[in-house]
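Trainee: Encoded as structure tokens, here's the structure I'll be asking about.
None of the figures in this text is laboratory data; all of them are computed from the coordinates on show. On a predicted model such as this, the values are computed, not experimentally measured, just so you know. So basically every Cβ, Gly included, is an ideal-geometry build from the backbone, and we count neighbours across all protein chains shown.
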Amino acid sequence: MTQTALPLLAQCLLTLAAFASLCLATPRHIQRLKTSRPQQWRTPLRWVGWSVLTAALTTAVISSGWGLGLVEWFGALTLAAVTVVLIATYRPTWLKAVTWAGLLLGLGTLSAMLYV
Amino acid sequence: MAQHTTVDDLPKGGFRQCMAWVHTWAGLSFGWLLFFMFVTGTAGYFDTEIDRWMQPELPPAPIGHNVHESASVLLNKAREEAPGAEQWLFTLPVDRNEPYAQLFWRGANTEAGASAERGERLVDLNTGETLQARETGGGQKLYQMHWLLHYTSRAYTDWIVATATLFMFVALITGVIIHRKIFKDFFTFRPRKGQRSWLDAHNVLSVTTLPFQLMITYSGLIFLGFSYMPLIVAANYGADGAGRTEFYGEVFSTPGLTEPAEKSASLIPLTTLIDQAESRWGEGRIRRIDVRHPGDANARIVVSENIDQTIASGAGRLVFDGVSGELLHNAPSASSPAKGVRDAFLGLHEGLFAPPVVRWLYFISGLLGTGMVGTGLILWAVKRRQNAERKRGSAPLGVVLVEKLNVGTVVGLPVGVAAYFWANRLLPVDLATRASWEAHAMFLTWLVMLVHAAIRPRQRAWTEQLVVAALAFSALPILNALTTDRHLVQSLTTGDWVFAGFDLTVLAIGVPLGATAWRMHRAQRKRRIAEESQPSQTQRANLSLGET
Amino acid sequence: MGLHGWRLASLIGAALVGGYALATAVSFFLGQLLPVGRSEATLIGHLLGFTFYAVAILWVFAVRRPGKAWLYLSVASIVFSVAGMGLRG
């Protein structure tokens, strides 16, 4: 049980950050970046989103194998996507914070896994 | 009126429009049945937990109990209850899938003192006594409704369920085809915009769960394949029953099983077999011990591996000679590549392998899928009411019918499920047909909700039923506290996670239902006030439920 | 005016009945075509059957002509069944 809990937590956090990043990259939300030219950030944000999704998949497969790893990844994907849609609808100002928090906590959990 | 209640014409337009038509009607025609299947199937991911909540008398589950000890207790129980049986099946309490030690037997000799020709017992591993608890259908019956329905014969149930699943599969594919902007609209949900909001919600729920939906639907079809497409077997093996039996034998039967020799011989102690199996699979990973023809010279013992390390529905089996103890076969469940793929699909569908957190993800995906079907049904009605009222001022009969079925099912069925749990606590413990009455309570309640939906005004029906649903779920922990001593405070402080989990989950269902009812009620009141001051505007506001 | 009434019913019938026949026939034929044993062929047929069924249904609704749908599906079903029988020997 505890064997899967930690990697799964990492995946949930990472996919959450990834979707928040992808959501920020949409035309509707890109203006939330308080920079002079937010449009410039769309491509980098998309890159972050897709690479973090890939990273989450990789860690899932490494830690749990193809079968369970894919199941965990798809499950985390669904949960994260729905969460980001709700945030984007009702608390859109949180998107940036969610991206950072998900990334940092996710990476933190990943490094914690190495020591457990 | 009549022409408005019939199916829309299949449009002449392009490919996408046709697919939209197929999506709409494939989804609607079996929508309420699919909703039922989603609700009961989602509950099924916690089937044994619900079992345990519904039998609060049972002692704590002895999960992880010493295998040697469990096996010897079960063996003694089998000798006492079922002498001369053709089969004893011992299920060990290895994880949440089988929380209690269980004995199943068939073909026992009642003249030699067997209590019945076939039967099953939950066994207390400390005393060897049969565990006694109230009669209940439990989480198992609720889960079985997912594919057996209820009050129906197996002869046609498979066909109904398979057709519904096929329609769902078609609806999924056409849904992907007609959704032009899957990526662009991925994060889009615009609340309080009527039809638009329902479409957004339907899209978000479908797209985010799409991998789960495709997996669950196709694996569901594979479950039913042999009943639904029997001609494939017939074409390969012959159309008679013998051909079918031969096929099942080749694919599914355990190797090495034989007829009894009708010569008695004593059964080998299970200890050495258990040690052999555990040295292969690891300690505490034996799920089942299946003894065929115990006491006969041709006895066989099949030891099955737990399935917690594979997503597939079956794991390894070791077949031993029951007298000499010789290992005859080491048979993986996936006897061929195709069998392996089949096992993987079925395993993914049932999710028996899933550790707790993954189980919750399954449950959440199931709930979102339920929401997908529900929003699809509501969207159908909202869209048509809006169009009809724009043109003629009132909704046609077909739309009204769908609306009423929607209220009575989308809210009414969950109320029925709550009633199933209420009945478990409230029906007299000595009632002879207790388990059946639990199910009757569920379907009678659903029926009452449908009748209520039929006679109440549309908006009122929604709020009233939501209130009932909210109360029915949120009060379950109170009912549990009044009727057992395993109330929420107790279960939280003692770490009784099955009970705490059940109580908290029904609260987590009940409270949002109540909040929805409250918001809807408030919106309706606002609209009524607006109506009194400015009648023409309210009519437009009334068009859709989505604004609440 | 689009397709309605009896012609629509006929089209739905072609999708469900014709698609079913085609799915069964193709699944059976495919099993014979592959160099695998009889039970494996049957299992593969069952794994893929519903894919063929779904594709056939969508094809019928894309074509939108009941007569053509019935004709093509019947002919294809018969051809695949006969070919499968021939391969089985």
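Trainee: Rounded, prolate or oblate: which one fits segment B:237-323, using the alpha carbon gyration tensor with axes a ≥ b ≥ c (rounded when a/c is under 1.5, else prolate when a/b beats b/c, else oblate)?
Mentor: Here segment B:237-323 falls in the oblate category.
Trainee: Quick one: which residues, 5 or more positions from B:Phe320 or on another chain, have an amide H under 5 Å from its amide H? H modelled 1.01 Å from N in the peptide plane, none for Pro or chain starts.
Mentor: For B:Phe320, whose amide H was placed from the backbone, the distant partners under 5 Å are B:Ile301, B:Val302, B:Val303, B:Leu328.
Trainee: Convert each backbone phi in segment B:420-434 into a coupling constant with the Karplus relation 6.51 cos²θ - 1.76 cosθ + 1.60 (shift: θ = phi - 60°), then list the ³J(HN,Hα) values in order as whole Hz, x for Gly and Pro.
Mentor: Each residue of segment B:420-434 in turn: 4, 6, 4, 4, 4, 8, 9, 5, x, 5, 8, 4, 5, 10, 4 Hz.
Trainee: Can you list the residues, at least 5 places off or on another chain, whose amide H is less than 5 Å from the amide H of B:Asp296, using H built in the peptide plane?
Mentor: Under 5 Å from the amide H of B:Asp296 lie the amide H atoms of B:Ala265, each far enough along the sequence or on another chain.
Trainee: Shifting gears a bit: Output the pairs from B:Lys383/B:Lys404; B:Lys193/B:Lys391; B:Lys184/B:Lys526; B:Lys77/B:Lys339 with a Cα-Cα distance over 24 Å in this structure; if there are none, say none. Let's see the in-between values first.
Mentor: Details: B:Lys383/B:Lys404 15 Å; B:Lys193/B:Lys391 20 Å; B:Lys184/B:Lys526 35 Å; B:Lys77/B:Lys339 35 Å.
Beyond 24 Å between Cα atoms: B:Lys184/B:Lys526; B:Lys77/B:Lys339.
Trainee: Under the rule a/c < 1.5 gives rounded, and otherwise a/b versus b/c splits prolate from oblate, where does segment B:396-548 land using the Cα gyration tensor?
Mentor: Verdict is oblate for segment B:396-548.
Trainee: Give me the Kirkwood hydrodynamic radius of segment A:16-66, using the inverse of the mean 1/r over all pairs of distinct Cα atoms, in Å to one decimal. Intermediate values should be presented prior to the final figure.
Mentor: Numbers: mean 1/r = 0.0855 Å⁻¹.
Computed over segment A:16-66, the radius equals 11.7 Å.
Trainee: Can you give the relative contact order of segment B:184-297 as a percent, counting alpha carbon pairs under 8 Å and 6+ residues apart?
Mentor: Values: 56 pairs, mean separation 19.0, N = 114.
Relative contact order comes out at 17 percent.
Trainee: Compute for chain B: radius of gyration divided by Kirkwood radius, i.e. Rg/Rh, restricted to C-alpha atoms, rounded to two decimals. Could the numbers behind the result be given before it?
Mentor: Values: Rg = 26.8 Å, Rh = 26.3 Å.
We get a ratio of 1.02 for chain B.
Trainee: Let me ask something else. Go through segment B:397-408 residue by residue and turn each phi into a ³J(HN,Hα) via Karplus (6.51, -1.76, 1.60, θ = phi - 60°); whole Hz please, and just put x for glycine and proline.
Mentor: 4, x, 5, 4, 4, 4, 4, 5, 4, 4, 4, x
Trainee: Quick one: which residues, 5+ away or cross-chain, put their amide H under 5 Å from the amide H of B:Arg134? H built at 1.01 Å from N.
Mentor: Result for B:Arg134 returns B:Glu57.
Trainee: Here are some pairs, B:Lys12/C:Lys68; B:Lys12/B:Lys181; A:Lys96/B:Lys181; which of them have Cα atoms lying more than 20 Å apart in this structure? Provide the component values of the computation, followed by the final result.
Mentor: Working: B:Lys12/C:Lys68 16 Å; B:Lys12/B:Lys181 23 Å; A:Lys96/B:Lys181 24 Å.
Result: B:Lys12/B:Lys181; A:Lys96/B:Lys181 exceed 20 Å.
Trainee: Which value results for Rg/Rh of segment A:1-109 when Rg is the Cα radius of gyration and Rh the Kirkwood radius based on the inverse mean 1/r?
Mentor: Result: Rg/Rh = 1.01.
Trainee: Starting from the Cα gyration tensor of segment C:22-88, take the square roots of the eigenvalues, sort them a ≥ b ≥ c, and report rounded, prolate or oblate (rounded when a/c is under 1.5, otherwise prolate if a/b is larger than b/c, else oblate).
Mentor: Oblate.
Trainee: How high is the relative contact order of segment C:22-88, in percent, with contacts defined as C-alpha pairs under 8 Å that are six or more residues apart?
Mentor: 50 percent
Trainee: Within 10 Å of each candidate Cβ there may be at most 11 other Cβ atoms; applying that plus a DSSP loop requirement, which chymotrypsin sites (Phe, Trp or Tyr not before Pro) in segment B:125-191 survive? Don't skip to the end; give the middle numbers.
Mentor: Numbers: sites: B:Tyr143, B:Trp147, B:Tyr151, B:Tyr156, B:Trp159, B:Phe167, B:Phe169, B:Phe183, B:Phe186, B:Phe187, B:Phe189; in loops: B:Tyr151, B:Phe183, B:Phe186, B:Phe187, B:Phe189.
Of the chymotrypsin sites (Phe, Trp or Tyr not before Pro), the ones in loops of segment B:125-191 whose Cβ has at most 11 other Cβ atoms within 10 Å are B:Tyr151, B:Phe183.
Trainee: Working from Cα positions, state the angle (0 to 90°, nearest 10) between the long axis of helix A:42-90 and the longest principal axis of chain A.
Mentor: Taking the Cα atoms of chain A, the angle to A:42-90 is about 20 degrees.
Trainee: Under a straight-distance cross-link criterion of Cα-Cα below 14 Å, which aspartates and glutamates are reachable from B:Lys263, leaving out those fewer than 8 residues away in the same chain?
Mentor: B:Glu86, B:Asp296
Trainee: Right, something else. Each residue of segment B:35-45 in order: what ³J(HN,Hα) in whole Hz does its phi give by Karplus 6.51 cos²θ - 1.76 cosθ + 1.60, θ = phi - 60°, with x for Gly and Pro?
Mentor: After applying 6.51 cos²θ - 1.76 cosθ + 1.60, I find 4, 4, 5, 5, 5, 5, x, 5, 4, x, 5 Hz.
Trainee: Let me ask you something else. If you wrap a convex hull around the Cα atoms of segment B:324-471, how much volume per residue is inside, in Å³?
Mentor: 219 Å³
Trainee: Find the centroid of the Cα atoms in segment B:15-84 and in segment C:5-19, then give the distance between the two in whole Å.
Mentor: 37 Å
Trainee: For the protein assembly as shown, go through all pairs of different Cα atoms, get the mean of 1/r, take its inverse, and jot down that Kirkwood value in Å.
Mentor: Answer for the protein assembly as shown: a Kirkwood hydrodynamic radius of 28.8 Å.
Trainee: Further, regarding this structure: Quote the relative contact order of chain B in percent (integer), defining contacts as alpha-carbon pairs under 8 Å separated by 6+ residues.
Mentor: RCO, chain B: 16 percent.
Trainee: Out of B:Thr127, B:Met372, B:Gly64, whose Cα points farthest toward the positive end of the dipole of chain B (charges: +1 Lys, Arg; -1 Asp, Glu; placed on Cβ)?
Mentor: B:Met372
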